[in-house]
1. From THR263, THR306, THR301, grab the single residue that is over 24 Å from the mean Cα position of the chain (by Cα), over 25 Å from TYR361 (Cα atoms) and of a type in the set (Ser, Thr, Tyr).
2. Within the range 391-437, which residues are farther than 26 Å from GLY217 by Cα and in contact with a Ser or Thr (Cβ under 8 Å, 6 or more places away or on another chain)?
3. So the check is Cβ under 6 Å with 6+ separation or different chains; which pairs have a first residue in the range 388-404 that's basic (Lys, Arg) and a second one that's part of a helix (DSSP H, G or I) and open to solvent by 10 Å² or more (accessible area, probe 1.4 Å)?
4. Could you list, ordered by first residue, the pairs with Cβ atoms under 8 Å in which the first is in the range 30-45 and open to solvent by 80 Å² or more (accessible area, probe 1.4 Å) and the second is of a type in the set (Ser, Thr, Tyr) and in a loop (DSSP other than H, G, I, E, B), at least 6 apart or interchain?
5. Of all residues in the range 9-20, count the ones that are among the hydrophobic types (A, V, I, L, M, F, W, C) and open to solvent by 20 Å² or more (accessible area, probe 1.4 Å).
6. Go through the range 189-220 and report how many residues are under 18 Å from TYR174 (Cβ atoms) and touching a residue at least 12 places away in the same chain (Cβ under 8 Å).
7. Restricting to the range 149-199, name every residue that is open to solvent by 40 Å² or more (accessible area, probe 1.4 Å), part of a helix (DSSP H, G or I) and among the polar types (S, T, N, Q).
8. Of the residues ALA326, ALA315, ALA293, which single one is open to solvent by less than 20 Å² (accessible area, probe 1.4 Å) and within 26 Å of the chain's Cα centre (by Cα)?
Amino acid sequence: MTYQPPTALPRDLLADGDVQRALGALDFGVVFRIARERAGISYSKIAAECDIKPDRVGILARGQGRITSFEKVVQIADALRVPGYLVGLAPRPWETADAPAGTPHAENGPMHVRRRTLLRAAGTGGLAAALPALHRPRAPKHVTNAYVASLQERTARLRRLDEVLGGGDTYRVYLGEVQYTKDLLGRSTFTPESRRRLTALLAEQAQQAGWAAFDGGRTQDAVAFYEESGTAAQDAQDSDLYGNSLAFLAYKALADNRRTAATFAEDSCVTITDRTPATVRALLHERLAWACAVNGQAIGTERALTAARQALDDAQPDEPQPGWSAWVDHNELDIMTGRCWTELRRPLRAVPILTNALNRYADDQARDKALYLTWLADAYLTAGEIEQAAETTARSLQLSVGVASVRPQQRIAPLLDRLRPHSNTPQVRELLEYADS
């Protein structure tokens, strides 16, 4: 008999529909709450076994924030003795020894659960190796358009990892995709069209790997991927992907040389033609707006934001959009608009649009929401609204816990420094105590 933690969920609770739905969505806050209410498992025990701060367990149980780190998902599953298939994992080492006869495992668990949880749980090379659905079929010696299409669909599925996980978790997954495609290009035979399409896919995958590298703090790796993406996009004669590679370079360059960043952003918009999809036009224009805002160019910022909004307004319902730009919508543009006005120190413009957009943003997207809340907090500070700034920063800090991304903390740290002189304000004092705990 192996070790049985005091937080192991009873079998009847694991069979409960509400618990299974929460586990399938990786909503551990709901599981923690039900475990306390129906099994008498205290938050302090959960905190100790899962290596989570006790107040963080309570925050999650109240529906605030999400667990987004692969390592933490594994740790919680082990502490609560949740069979792997319920959270998208392979069978855990303890399952064979502890599970009663007939208990299903990942390979024979409900297929709908496995499919639903796969992309939510996947995040690292280790998990990619553990899940059969992330294994590739043997590559053909001759690559056809149909095979490239299957790889494109795979890339689209894996891109969804970025919605719930940070670059620290996803980098190795996306890196593996780049390496596989490069190897395929080097050792297989093609038609001219299948080679062009696979080269374009490499450009797309390199951008995703570069973004994960940037998000996870690997800035030099990010630059190398963006440059590689630009070369591949040119080879594939894909002007949309080439423009996006320049926009990515602009985004990264802002930290080092704002003028260079603005040049990259301007050059990315030059690639726009009458055939450029609406979401691509909007994406390139909004990144130009951001470069202008960081450079203090209010007129250029407003012009670029207007162009981005016009692109979305003009989109036709049946117009195909690339998967890598389809996430750009009016709400995302509102977020960028609020960020720009915050950078330009226009809080009266920034606060309303950020507030409305963030109210439509789900906590499931913890990394992005934590990050964007920092601009709202910044705008409140600029307006002298100390209490609101502290409360918003606290919300950002809560959401950022466990997120495998360096960017939220990079934004939160200077906000805390700016708030410290106001430590006599109750909201600020509470925030600083939480941050320092």
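The values are calculated or read from the model by the stated rules, or taken from the named source; none is laboratory data. From a predicted model like this one, the values you see are computed outputs, not experimental measurements. As a convention, Cβ positions derive from the backbone with ideal geometry for all residues, glycine included, and neighbour counts pool all protein chains shown. The accessibility values were calculated without ligands, DNA or RNA, using every heavy atom of the protein model including side chains. Shrake-Rupley method; radii C 1.70, N 1.55, O 1.52, S 1.80 Å.
1. Numbers: THR306 fails: over 25 Å from TYR361 (Cα atoms); THR301 fails: over 25 Å from TYR361 (Cα atoms).
None of the other options fit; the residue is THR263.
2. Selection gives ARG429 alone.
3. Going by the 6 Å Cβ cut-off, the qualifying pairs are ARG395/LEU373.
4. ARG36/SER42; LYS45/THR7
5. 2
6. Residues in the range 189-220 being under 18 Å from TYR174 (Cβ atoms) and touching a residue at least 12 places away in the same chain (Cβ under 8 Å): 22 in total.
7. SER150, GLN152, GLN179
8. Working: ALA326 fails: open to solvent by less than 20 Å² (accessible area, probe 1.4 Å); ALA315 fails: open to solvent by less than 20 Å² (accessible area, probe 1.4 Å).
Only one candidate qualifies: ALA293.
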